[in-house]
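The values are calculated or read from the model by the stated rules, or taken from the named source; none is laboratory data. Nothing here was measured: the structure is a model prediction, and the numbers come from that model. Cβ atoms come from the backbone with ideal geometry, glycine included; neighbour counts cover every protein chain shown. The accessibility values were calculated without ligands, DNA or RNA, using every heavy atom of the protein model including side chains. Shrake-Rupley method; radii C 1.70, N 1.55, O 1.52, S 1.80 Å.
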Amino acid sequence: MIACNWKLNLDRDKFLAQHWQSKALLIRNAISEFKPPVSSHELAGLALEEQVESRLIECRDNAWNVHHGPFHTDDFDRDLPWTLLVQAVDHYFPDVAALRKLIDFIPQWRVDDIMVSYAVEGGSVGPHYDNYDVFLLQGSGERLWKLGQFCDDTTALLPHDELRILDAFETSEEHLLRCGDILYVPPGTAHWGIAQSECTTFSIGFRAPRISDMVSRWADQLLEKLEPETFYRDAKRAPMARPGEIHQRDLDRALAQLQGALDQADGNHWFGELVTDPHETPLQDEDDLAQAHAVLKDGPKIVELHPAAKLAWQQDARNIVVFANGECQKFDESVLPSLLILCESWRLTASDMKTALADTGTVALLNYLVDSGVIGVA
């Protein structure tokens with residue numbers, strides 16, 4: 001159960017108008033009396049596990065090196081400054097997952113995961129930029145953050161197979177973060193964090209689908225609906241004066257027919273499926289599923305979202321379309337009250353379940369979410 005009640009000291013409207021996706025922002029004392037929900041020892045223990053994605057980064061002889069987990073305890077005994085990065089820590093620690101509630105004014109399907117880093121004094125991952133938004137919440141210790149120039153795919157990088165290390169860094173701001181401070185960094189902004197002591201940082205990262213992936217998903221949905229035996233037509237065309245030429249009229253005709261095909265496209269579920277697509281498909285054991293369905297039928301005491309679950313919904317003209325871990329299904333509008341509670345509170349209590357189980361549509365929704373690996377019941 002997530003019991004933390006942290007509040008973010010931030011003017012949300014002003015932030016969205018002036019900073020989101022455009023300008024970095026330092027938020028001093030962003031979380032009053034913040035106590036890091038995971039220690040460096042717990043983080044190191046997580047990095048020993050086979051199923052956990054982790055990296056260790058150090059700079060040796062002016063070369064940046066990346067080592068991948070799982071690690072052994074001896075790997076943390078090093079003679080140079082180093083940083084340990086552990087991905088998706090919110091999937092393993094409920095109190096870390098609770099940090100996602102700090103930014104609930106941004107759609108939850110935009111949130112990727114929470115990476116936690118531990119660094120010894122002097123540890124860093126180098127000057128770099130990301131293609132996504134990130135809130136950098138300082139846990140224990142202190143870290144100096146430098147902000148630099150705007151970067152894109154034309155920015156010069158040092159040769160490296162994995163890291164996006166900048167060839168040149170132009171410092172514009174410096175901020176020393178202490179426990180509870182947050183630095184928001186928009187996409188493309190160069191930043192460089194250097195540990196001033198042993199410290200931990202909680203990185204709340206966001207997902208943004210590539211435009212190429214959006215086009216691909218949209219086209220796939222369209223192609224499923226197009227009649228494969230429909231062909232290009234050019235009836236009543238004028239005779240060609242120069243054989244072999246593709247005339248502008250041919251291109252215009254092709255584009256007009258293509259636009260006609262695009263106008264036939266109906267449904268916009270591709271986007272929800274894309275943004276809820278999990279990094280890893282949850283493994284579902286048939287016996288566990290059968291037991292979960294049985295508990296759901298008997299009336300569970302509580303229903304909770306799995307920490308790694310990707311859940312979203314959209315309202316069509318006559319239906320509620322629910323997206324769960326990259327899949328979608330339509331339900332009638334009676335599911336909306338329970339769905340709203342689940343998305344906001346991440347759980348349905350016994351009282352909520354009494355109302356939910358009285359509606360056949362909501363029962364169907366809960367069974368669908370069980371099958372999708374989005375909820376657990378008890």
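Brief remarks follow.
- Highest to lowest packing among 184-194, 143-153, scored as the average C-beta count within 10 Å: 184-194, 143-153
- Enclosed volume per residue, in Å³, of the convex hull spanned by Cα atoms of the range 50-118: 116 Å³
- Radius of gyration, Dmax [the range 1-160; alpha carbons; angstrom]: 16.9, 48
- Tail beyond 22 Å, pair distance distribution of the range 120-251 (Cα, percent): 58 percent
- 15 Å tail of the calculated P(r), the range 231-298, as % of Cα pairs: 75 percent
- Using a cut-off of 19 Å between Cα atoms, the listed pairs Lys101/Lys297; Lys14/Lys310; Lys7/Lys101 include Lys101/Lys297; Lys14/Lys310 as exceeding that distance.
- The modelled label-to-label distance for the pair Gln51/His279, using points 7 Å beyond Cα in the direction of Cβ, is 1.4 nm.
- Simple spin-label estimate for Ala294 and Ala219 gives 4.9 nm between the two label positions (7 Å along the Cα-to-Cβ direction from each Cα).
- Formal net charge of residues neighbouring Thr155 (Cβ-Cβ distance under 15 Å; K, R +1; D, E -1): -4
- Along its first, second and third principal axes, ordered by size, the chain spans 78, 67, 42 Å in Cα coordinates.
- When a 1.4 Å probe is rolled over the protein heavy atoms, the share of accessible surface on the chain that falls to carbon and sulfur comes to 50 percent.
- Normalised by the number of residues in the chain, the mean separation of alpha-carbon contacts (under 8 Å, six or more apart) gives a relative contact order of 15 percent.
- Within the shell of other residues whose beta carbon sits under 14 angstrom from the beta carbon of Ser216, the net charge comes to -3, with Lys and Arg scored +1 and Asp and Glu -1.
- The coefficient of translational diffusion for the range 82-187, derived via Stokes-Einstein from the alpha carbon Kirkwood radius under 37 °C and 0.692 mPa s, stands at 213 µm²/s.
- Percentage, to the nearest whole number, of Cα pairs in the range 294-378 over 21 Å apart: 18 percent
- With the convex hull of its Cα atoms as the shape, the range 225-378 has an orientation-averaged projected area of 13.6 nm².
- Each peptide in 246-256, 212-222 was scored by the mean count of other Cβ atoms within 10 Å over its residues; highest first, the order is 212-222, 246-256.
- By the rule of a C-alpha distance below 20 Å, with chain neighbours fewer than 8 residues away ignored, the lysines paired with Lys225 are Lys330.
- The length gained by stretching the chain between Arg233 and Gln259 to full extension, at 0.36 nm per residue less their Cα-Cα distance, is 8.0 nm.
- Given their separation in residues at 0.36 nm each and the Cα-Cα distance between them, Ala168 and Leu340 gain 57.2 nm when the chain is fully extended.
- Taking every C-alpha pair closer than 8 Å and separated by at least 6 residues, the mean separation divided by the residue count of the range 248-373 gives a relative contact order of 27 percent.
- By average C-beta atoms within 10 angstrom, highest first, the peptides 160-172, 339-351: 339-351, 160-172
- Cα-projected label distance for Lys14 with Asn65, points at 7 Å along beta-carbon direction, nm: 4.7 nm
- For the range 187-281, projected area of the alpha-carbon convex hull averaged over all directions, nm²: 12.5 nm²
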